[in-house]
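The values are calculated or read from the model by the stated rules, or taken from the named source; none is laboratory data. These numbers come from a predicted model, not from an experiment. No Cβ is skipped: glycine too gets one built from the backbone with ideal geometry, and neighbour counts run over all protein chains shown.
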Amino acid sequence: MGLNRAVNLADVREAARRRLPRPVFDTIDGGADDERTMRRNEAAFEDLLISPRPFADVATRSTATTVLGRSVSTPVLLAPTGGARVAHRHAELAVAAAAATRDTVYVQSTVTSYALEDVASVADGRAWYQLYLPEHRAQTAAMIDRVAAAGYQALVLTVDTAVFGGRERDRRNGTALPVRIRPRLALEGAARPGWALDFIRGAVPGPWQQIRGLPVRATQEQILASPSPVTWADLRQVRALWHGPLVVKGVLGPESCGRMMDEGVDAVIVSNHGGRQLDGVPATIEALPAVVDAVAGRAEVLLDGGVRRGTDVLKALALGARAVLVGRPYLFGLAAGGQAGVEKVLDLLHLELDRAMALAGCATVEDIDRRLVTRARG
Ligand code: FNR
C-alpha cells in the first residue's frame with residue numbers, strides 16, 4: 001500500500017509501516033504498558049452512534065470554525081509529537097508547512113529537531129507551542145520569551161507527563177529518543193533503504209536546507225527538556241509569563257477544571273497522550289462530556305486520542321469539543337510522504353467530516369450538537 005493509493009487513515013498507517021524500520025514504527029504506533037487505554041481511545045468512538053437529521057438543507061456546507069479566535073478550515077489540528085525526525089528528515093518543518101497550506105494549527109512540541117523560530121516561520125502564523133518545563137524553573141521565563149518572540153500564537157502546557165509512561169515496545173526494541181542508529185536499527189534499516197537514506201541525509205544537515213522552495217536553517221536543535229511534574233505554582237508562573245492564550249493538555253476529569261479557569265486557562269485538551277502515559281485511564285471521548293460540563297463555557301475544550309475518521313471528529317464536536325487534534329495519523333503521513341503525506345491525512349479527514357456532516361444533516365459545525373449522538377450500550 002503506497003501513499004497515493006491510500007483511501008483512509010488506516011491505509012496511510014499501512015504505508016508508513018512498510019516504509020519504517022520496525023523499531024521506528026513501534027515508537028510511533030505504541031502506547032504504555034498493555035496499551036489498553038490506547039486501544040480504548042479508538043474503540044470508544046464505536047460505542048457512540050449518530051442519529052442523522054433528515055430534511056436538513058445541506059446542499060452548501062462548511063467545516064470551517066475558529067479555535068481560540070483563529071479561523072481554521074477544518075476542526076482538526078496537529079498535536080505535538082516529539083522526535084518527528086525519525087519519520088522524515090524534514091520533520092517539524094514539513095508538518096508546519098502542511099498546517100499552513102491546509103489552514104489549520106500545528107502544535108509544535110518542545111522535543112524538536114529544528115529551531116522553534118524556523119518552525120514558526122514555516123507555519124506562517126499557524127503554530128502553537130507545547131511546553132515541557134525546563135528542569136530548572138529559573139529558565140522558564142527565557143524559554144517563554146523565546147516562544148513569544150518566534151510568533152507562536154498559544155502556549156500549551158502538557159500536564160500528564162510527570163514521568164514517561166512505560167513504553168514496552170520501545171524497551172523490547174531497545175529504542176530511546178532521540179533515535180540513534182544502533183545495531184538492531186541498522187539491520188532493520190538495511191531492509192528499508194528509503195527510510196535509511198532519508199534518515200542519514202537528515203543527520204548531515206547543510207547550513208541551508210530547501211523545503212518546498214523555502215530556505216530554512218537546519219540547526220538539528222534538540223530541546224530535550226526532561227518531563228517533570230507540573231504543579232499549580234508552575235501553572236501560575238507560566239500564566240504570569242505568557243501573555244497569549246494558555247492551553248492545558250492532559251485533562252481527563254472535571255476535578256481541576258474550575259480552578260484552572262480561575263487561574264486563567266483559556267482552553268483545555270482532553271487527552272491521555274494517545275494512551276502513552278498512564279494505562280487504565282478512560283478513553284478521551286468517554287472523558288469529554290464531564291469536562292465540557294465542568295468548564296461550562298468558560299474556556300474552549302479540545303480533544304485528542306484515537307481520532308481516525310471524519311465521523312470521530314463529528315462525534316467529538318457533538319459532545320462539546322471545539323476541535324480535535326491528531327498525533328499518530330499525521331506522523332504516519334509524514335513517514336510515508338513528507339509534507340504531502342501530512343496534507344493527505346488532513347485532506348482525508350476534511351473530506352470524511354464534510355461527508356459525515358452532509359449525511360448527518362449538519363451544514364455547519366454550529367449545527368453539530370449533543371442530540372446528534374447516542375450511546376450504543378449502557
Ligand atoms: C506524542 N504526544 C506528545 N504530547 C506532548 O504533549 N508532547 C510531546 O512531545 C508528545 N510527543 C509524542 C510523540 C509521539 C510519537 C506520539 C504518538 C505522541 C501525544 C500527542 O500530542 C497526542 O496527545 C496523541 O498522539 C493523540 O493521540 P493519537 O491521535 O496519536 O491517537
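Going by what's in this entry, would ASP33 be described as of a type in the set (D, E, K, R), in contact with a strand residue (DSSP E or B) (Cβ under 9 Å, 6 or more places away or on another chain) and more than 24 Å from ALA186 (Cβ to Cβ)? No, not satisfied. Counting only residues that are surrounded by fewer than 17 Cβ atoms within 10 Å (Cβ to Cβ) and at pLDDT below 95, segment 226-245 holds 3 of them.
Can ARG61 be described as within 30 Å of ALA191 (Cα to Cα) and either assigned to a helix (DSSP H, G or I) or at pLDDT 95 or above (or both)? Judged against the criteria, ARG61 is not a match.
Within segment 335-358, if we keep just the residues that are in contact with a Ser or Thr (Cβ under 9 Å, 6 or more places away or on another chain) and aliphatic (A, V, I, L, M), the residue that is farthest from the ligand (Cβ to nearest atom) turns out to be MET357.
Report whether or not LEU77 is surrounded by fewer than 17 Cβ atoms within 10 Å (Cβ to Cβ), at pLDDT 95 or above, in a strand (DSSP E or B) and not β-branched (Val, Ile, Thr). For LEU77, the condition - surrounded by fewer than 17 Cβ atoms within 10 Å (Cβ to Cβ), at pLDDT 95 or above, in a strand (DSSP E or B) and not β-branched (Val, Ile, Thr) - is not met. Candidates VAL24, VAL67, VAL86, VAL76: the one that is under 30 Å from ARG377 (Cα atoms), within 16 Å of the ligand (Cβ to nearest atom) and β-branched (Val, Ile, Thr) is VAL76.
Got a sec? Which of ALA97, ALA148 is under 30 Å from ILE200 (Cα atoms), away from the ligand (no atom under 16 Å from the Cβ) and either surrounded by 24 or more Cβ atoms within 10 Å (Cβ to Cβ) or in contact (Cβ under 8 Å) with a residue 60 or more places away in the chain (or both)? Unique residue meeting the criteria: ALA97.
Based on what the data block shows, is ALA299 over 23 Å from LEU133 (Cβ atoms) and either within 12 Å of the ligand (Cβ to nearest atom) or surrounded by 17 or more Cβ atoms within 10 Å (Cβ to Cβ) (or both)? No. Condition first: at pLDDT below 95, within 11 Å of the ligand (Cβ to nearest atom) and within 29 Å of THR63 (Cβ to Cβ). Can you find one or more residues in segment 163-174 that meet it? Scanning segment 163-174 turns up no residue that is at pLDDT below 95, within 11 Å of the ligand (Cβ to nearest atom) and within 29 Å of THR63 (Cβ to Cβ). Put simply, of THR284, THR364 the only residue that is modelled with pLDDT of 95 or more, of a type in the set (Val, Ile, Thr), within 14 Å of the ligand (Cβ to nearest atom) and in contact with a Ser or Thr (Cβ under 7 Å, 6 or more places away or on another chain) is THR284.
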